Amino acid sequence: MSMTFLADLVVILAKILIVFLVLSVLVIFIVWFERKVVAHMQSRLGPNRWGPFGLLTSVADGMKLMFKEPITPITADHVTFALAPGISMLAAFLAFASIPFGTSVLIFGHRATFEIADLNVGLLWVLAMGSLAVYGVVLAGWSSGSKYPLLGGIRSSAQMISYEIALSLSLIPVVMSAGSLSLRTIVHAQSGVIGSIGWLGPVGGVGKFIPHWYIFYHLPAFLIFLLAGVAETNRPPFDLAEADTELVGGYHTEYSGIKFAMFFLAEYLHVVTISALAVLLFLGGWNGVTPNLPVLGWIWPLLWFVAKVFFFVFLFVWLRATLPRLRYDKLMAVGWRVLIPAALTWLVVSGLAMAGSV
Amino acid sequence: MPDERPPEKDLGPLRATVNVAKGLWVTLRHLWRRPITIQYPEQRREPFPRFKGRHVLDRHEDGLEKCIGCELCAGACPADAILVIGAENTPEARYSPGERYAKVYEINYLRCIFCGLCVEACPTEALVMSHAYDLASDSRDSLIFTKDMLIADAPLQRRPSKEDLAAGEDVGDFRILKEGLARARAELGKPQRPAPPGAGGRPPAPEEGRPAGTASLGQSASAEGSPKRTEVLEGAPPARGTQAPGDVPPPDPSAPRPTDENISPR
Ligand code: SF4
Ligand code: SF4
């Protein structure tokens with residue numbers, strides 16, 4: 001075993017640890033952020049008792065959940081019931097393994113990139129882990145041995161599977177443009193500016209100020225991705241699986257304590273994942289609209305990335321505060337009759353455009 | 001079973017998008033608005049003038065109790081919340097001007113629905129309702145208020161008579177009553193069992209026992225109300241020469257008194 005292998009191992013482990021910790025703290029922060037923003041959108045104050053601006057409220061909530069009694073219904077399938085939240089959380093964390101969030105940094109002569117593993121099929125990995133999360137939900141619903149969770153689980157599997165098609169289809173044009181499934185390569189393909197736009201004629205020069213982000217090429221795909229992404233994370237207005245008003249809590253009705261917290265964690269991790277994907281694939285990742293300041297080095301791109309991700313997190317929260325839940329048949333209709341055909345159409349259109357420009 | 005729902009009106013994608021955008025705009029606008037939350041208990045809203053809060057048993061100007069132990073309030077109460085046990089006044093121990101007085105007077109705030117029928121029923125206007133509304137407690141026992149918790153240390157100012165109201169001015173609603181109650185609040189302090197005699201007479205200490213940030217309402221009332229209390233208490237009962245053991249000594253001013261914060265003068 002060579003020294004470089006050991007060094008690599010240490011770096012990888014350190015990265016895993018850091019990503020895990022940062023994500024956990026981030027989720028706690030996002031929960032607070034969501035509660036605060038939704039509260040203000042409803043003319044309320046939101047959490048303000050624990051810590052400055054109530055920042056520690058989520059920490060307190062987490063502690064409370066940890067010490068709560070874990071209840072398992074007698075009708076539950078005990079092993080699956082215990083495993084389901086783990087699967088959910090594991091899938092949510094694993095999706096992050098291939099998400100890059102910055103350039104790279106030189107530590108002790110070792111160049112460490114800002115991701116755990118730069119897979120050449122990184123995008124596929126993220127999508128695969130997203131699909132794996134369905135298992136957590138379905139198994140939770142089924143193993144609870146109670147009707148509401150079962151309904152929630154079935155709904156959720158139908159919803160997530162149908163929207164995943166639209167989600168994946170909407171990403172293919174981007175993959176075609178970048179010519180790679182590696183997220184890092186896709187981001188690199190989005191650096192620079194568009195350059196002068198021929199068909200705009202004299203005002204085509206504005207293209208020199210527009211960053212070369214795929215959102216400007218694949219706007220329809222971006223919108224489809226956004227809609228499908230919200231549905232994929234089971235967030236309002238597509239939170240059919242939880243649907244508090246109809247299904248009590250959906251698949252996690254019977255869960256309490258730390259297991260419930262794990263589902264909670266997974267949901268917010270998915271929000272971060274989808275936001276990160278949107279940023280990486282459509283908004284140029286860590287490419288800013290301003291030139292990098294050499295002093296800041298790797299911090300500047302990282303800041304850009306975080307800022308963009310937070311924009312999307314805000315969007316998620318904003319949608320939640322605004323829109324009522326869709327009816328189930330409407331949801332499926334939107335998924336199958338609108339989003340999938342639209343994604344397919346855009347796929348064909350961009351394919352033709354690419355073929356024409358070659 | 002055939003689907004009997006009326007055919008759905010489809011908005012069409014454009015209208016639907018516009019509607020969603022409108023909704024998003026509304027929530028975004030509200031994000032920058034000032035929240036309307038009142039942060040109880042640090043901030044309190046002043047109740048409306050005729051608000052029906054916790055009861056107070058009034059006294060006459062000479063310090064005698066107005067309640068004559070007639071039990072009419074208990075009879076009127078739809079929630080069966082009041083317990084009155086009357087007893088005869090004697091020359092040695094005179095509590096009220098009439099023949100009888102309320103030996104036991106209890107209101108069970110677990111039952112009371114704050115309808116005010118008891119106040120209507122009272123022939124001597126002994127029973128009035130204050131603005132105190134924070135009656136939460138973590139024990140059932142402490143929500144049964146006994147006579148010494150309910151009774152005012154000094155006469156409350158009365159509600160305006162018809163003539164007062166006709167004379168106009170600002171007496172509308174219960175302004176006078178409210179001021180009287182504000183004084184009573186300052187004097188009563190937190191409802192409590194009587195302190196041992198001799199604890200009174202100390203200068204009022206309005207700051208004590210009040211959590212920081214609570215001072216907004218009622219502080220001035222307590223500051224100006226308290227000296228009057230000592231005056232009345234020292235003056236009234238001895239004039240009758242019958243300082244009965246049941247008479248209420250002045251409450252300990254250092255005791256915490258968060259409960260009645262909300263009776264406040266305009
Ligand atoms: S307010 Fe109504 S319920 Fe309460 S004690 Fe009086 S009569 Fe009974
Ligand atoms: S409070 Fe009024 S109605 Fe009730 S017993 Fe006393 S005098 Fe009678």
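The numbers here are math on the coordinates, done by the rules we state, and not lab data. Predicted, not measured: the structure shown is a model, and the values here were computed from it. Backbone-built Cβ (ideal geometry, glycine too); neighbour counts: all protein chains shown.
Rounded to two decimals, what is Rg over Rh for segment B:28-135 when you use alpha-carbon atoms and the Kirkwood radius?
Expressed as Rg/Rh, it is 1.19.
At a Förster distance of 30 Å, what's the computed FRET efficiency of A:TYR328 paired with B:THR37, Cβ-Cβ distance as r, to 0.05?
Taking R0 as 30 Å, the efficiency between A:TYR328 and B:THR37 is 0.30.
When the distances between all Cα atoms of segment B:85-139 are binned every 5 Å from zero, what whole-number percent does each bin get?
With a bin width of 5 Å, the distribution comes to 4, 14, 21, 21, 16, 12, 8, 3, 0.
Compute the semi-axes of the equivalent ellipsoid of chain A, taking the square root of 5 times each eigenvalue of the Cα gyration tensor, and list them largest first in whole Å.
35, 26, 21
Per-residue ellipticity at 222 nm for chain A, helices alone: DSSP H runs ≥ 4 residues times -39500 (n - 2.57), over residue total, nearest 500 deg cm²/dmol? List each step's numbers first, then the result.
On the way: 12 runs with 219 residues, N = 358.
The helix-only estimate for chain A comes to -21000 deg cm²/dmol at 222 nm.
Determine the shielding of peptide A:323-336 by partner chains: average, over its residues, the number of Cβ atoms on other chains within 10 angstrom of each Cβ.
1
Is the shape of segment A:15-144 rounded, prolate or oblate, going by the alpha carbon gyration tensor and its root eigenvalues a ≥ b ≥ c, with a/c under 1.5 for rounded and a/b larger than b/c for prolate?
oblate
Could you rank the peptides A:19-25, A:89-95 by their average count of other C-beta atoms within 10 Å per residue, with the highest value first?
Ranking the peptides A:19-25, A:89-95 by packing returns A:89-95, A:19-25.
Hey, what does the equivalent ellipsoid look like for segment A:112-191, semi-axes from the Cα gyration tensor as sqrt of 5 times each eigenvalue, largest first, whole Å?
Ellipsoid semi-axes (Å, largest first): 33, 15, 7.
Taking chain A as a Gaussian network, where each spring joins two C-alpha atoms under 10 Å apart, which residue of A:ILE28, A:ILE12, A:ILE274 fluctuates the most?
A:ILE12
Suppose R0 equals 25 Å. What FRET efficiency, 1/(1 + (r/R0)^6) with r the Cβ-Cβ distance, do A:LEU21 and A:ALA82 give to the nearest 0.05? The partial results should precede the final answer.
Values: r = 25 Å, r/R0 = 0.99.
Result of the calculation: an efficiency of 0.50.
Running a GNM on chain A with Cα contacts under 10 Å, which residue among A:THR75, A:THR233, A:THR273 ends up with the highest mean-square fluctuation?
Of A:THR75, A:THR233, A:THR273, the most mobile in the Gaussian network model is A:THR75.
Can you pull the mean other chain C-beta count within 10 Å for peptide B:32-38?
Mean shielding by partner chains, rounded to a whole number: 4.
Take chain A, connect every pair of alpha-carbon atoms lying under 10 Å apart with a spring to form a Gaussian network, then pick out the residue of A:TYR328, A:TYR214, A:TYR268 with the largest mean-square fluctuation.
A:TYR328
Which far-off residues, 5 or more places away or on another chain, put their amide H under 5 Å from the one on A:ILE116, with H placed in the peptide plane?
Here the answer is A:ILE99, since their amide H atoms fall under 5 Å of that of A:ILE116.
Given the pairs A:LYS36/A:LYS64; A:LYS15/A:LYS308; A:LYS330/B:LYS22; A:LYS36/A:LYS147; A:LYS36/A:LYS330; A:LYS36/B:LYS22, which are separated by over 25 angstrom at their Cα positions?
Result: A:LYS36/A:LYS147; A:LYS36/A:LYS330 exceed 25 Å.
By average Cβ neighbour count within 10 Å, what is the ranking of A:51-59, B:93-101 from highest down? Could you put the intermediate results ahead of the total?
Details: A:51-59: 16.1, B:93-101: 17.9.
Per-residue mean Cβ counts within 10 Å order the peptides as B:93-101, A:51-59.
Order of B:47-60, B:16-29 by packing, highest average Cβ count within 10 Å first?
Descending mean neighbour count gives B:47-60, B:16-29.
Quick one: what Rg and Dmax do you get for segment A:7-65 from the alpha carbons, in Å?
Final numbers for Rg and Dmax: 15.5, 53 Å.
Could you tell me whether segment A:217-283 comes out rounded, prolate or oblate from its Cα gyration tensor? Rule is a ≥ b ≥ c as square roots of the eigenvalues, rounded for a/c under 1.5, then prolate if a/b exceeds b/c, otherwise oblate.
Note, shape of segment A:217-283 comes out oblate.
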